[in-house]
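The values are calculated or read from the model by the stated rules, or taken from the named source; none is laboratory data. Model, not experiment: these values are computed from the prediction. Reconstructed Cβ throughout: ideal geometry from the backbone, glycine too, with neighbour counts over all protein chains shown. For accessibility, only protein heavy atoms count, side chains too; no ligands or nucleic acids. Shrake-Rupley method; radii C 1.70, N 1.55, O 1.52, S 1.80 Å.
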Amino acid sequence: MKITRLVSAVLVLMLFACNKKENAKNAQLSSVENRRAETDSIQKGEVETHKKGSINLFTLIPKDSSDVAFVSLSDIYPINDEKDTLTLPNIEKLGKYNAQYFTFDKNYRKRFLSKTNISETDSVFVFDYAKNKLASFAVKNLKTAAMLNGYSSEEDWPYHSYDFMIGFEINKKNLNGFSEYFRDALVYIGKENPFSKEGLKPIVWKKIASKEYPSKPMKNEDRTLLKNAVMGNTYLFKTEIHLYFLQDYLDDNKVIYARRLLVTNSKTKDIILEKLYSQGEGTSPAPLNYEEGQDAINQWTGKLFKNKPAVVFGFEYISFGCPGISIIDKSNEEIFLQCDNRH
């Protein structure tokens with residue numbers, strides 16, 4: 001995901017997907033809107049099925065122009081009760097300005113670590129897959145903090161407890177060389193680093209004839225979703241292990257409405273992974289790599305985790321919820337980032 005420059009870097013990261021979504025929506029006609037209504041329930045159901053992945057991954061955001069990079073763990077440490085003073089101190093006593101960002105004292109930190117099953121002896125691993133760069137920090141050396149989320153401001157005073165993100169702060173100076181706004185960074189917290197040294201690579205798509213696309217019957221729900229769409233371009237990407245086939249589907253205005261991905265074993269040609277990415281209430285197809293410039297990279301693949309097969313991701317923009325990483329095997333495992341999307 002590429003991020004435009006705004007005054008607040010926090011708002012940049014949290015609002016980016018929404019801006020992209022609005023641009024895509026403006027290009028759609030009413031016929032696409034009708035298809036959305038028919039299929040949103042299917043898409044939402046699929047997301048719910050896969051939300052709990054085998055590993056918790058978080059994102060990293062810059063705190064405005066300060067030296068702080070912030071890892072929000074609010075997705076696994078939710079705040080629901082306004083009177084739960086065991087989770088957050090009395091916000092009104094802190095005051096309008098001091099409450100916008102504050103660090104925890106010993107008691108609040110202890111409760112936070114206990115509820116998230118994090119130990120002082122754990123480490124925070126920050127991996128930038130675009131730069132193939134890893135940094136690690138001992139939990140015991142990091143401050144726990146609460147930060148007002150990007151959709152709230154001092155105009156919302158007095159703040160509600162659920163307006164806050166809670167997590168760890170990292171000094172930006174210790175993340176030199178990482179991608180701008182940490183847009184390509186993944187965070188894991190635990191005893192051992194789960195990330196592979198092999199790294200990921202951007203997918204370079206090549207147009208091919210549609211007849212080269214593998215023959216595989218569509219799922220019934222996908223066929224229903226695409227009943228009014230027409231086929232567009234077909235693409236291929238090759239690695240030593242896999243072949244990646246991508247088929248565009250267009251709406252009545254010749255705008256890309258969906259893409260179907262098939263990943264096969266390069267030797268046996270067996271289909272390992274099948275995914276459909278479509279326009280929906282909270283999603284839109286992302287541009288293919290380099291379509292919007294040499295630095296515009298969305299789709300990545302390769303060995304991300306030490307103890308898992310290769311992955312592939314980056315085919316859609318997400319407005320509601322968080323993006324997923326697909327494991328390339330027949331388990332159909334999808335690891336959704338804990339990105340604390342408040343939209």
Just grab the label-to-label distance for residue 233 and residue 266, each label 7 Å out from Cα along the Cβ direction, in nm (one decimal).
-> 2.3 nm
Here FRET efficiency (C-beta to C-beta, residue 162 to residue 90, R₀ 22 Å, nearest 0.05) is 0.90
With 0.36 nm assigned to each residue of separation and the Cα-Cα distance removed, residue 192 to residue 296 gains 34.2 nm
Over region 200-244: Kirkwood hydrodynamic radius from C-alpha pairwise inverse distances, Å | 12.6 Å
If you take the Cα atoms of region 117-224, find Rg, then find the Kirkwood Rh from the mean of 1/r over all pairs, what is Rg/Rh?
-> 1.16
How much accessible area does residue 157 have with a 1.4 Å probe, in Å² rounded to the nearest 10?
-> 80 Å²
One checks the Cα atoms of region 165-245 and finds Rg and Dmax, in Å, of 20.3, 52
Rank 160, 242 by accessible area, highest first, at a 1.4 Å probe radius?
-> 160, 242
Using only alpha carbons, build the gyration tensor for region 80-121 and give me the equivalent ellipsoid semi-axes, biggest first, whole Å.
-> 21, 13, 7
Long-range amide H partners of residue 242 with built H, under 5 Å = 266
Diagonalise the Cα gyration tensor of region 191-343 and give the resulting equivalent ellipsoid semi-axes, square root of 5 times each eigenvalue, largest first, whole Å.
-> 24, 20, 16
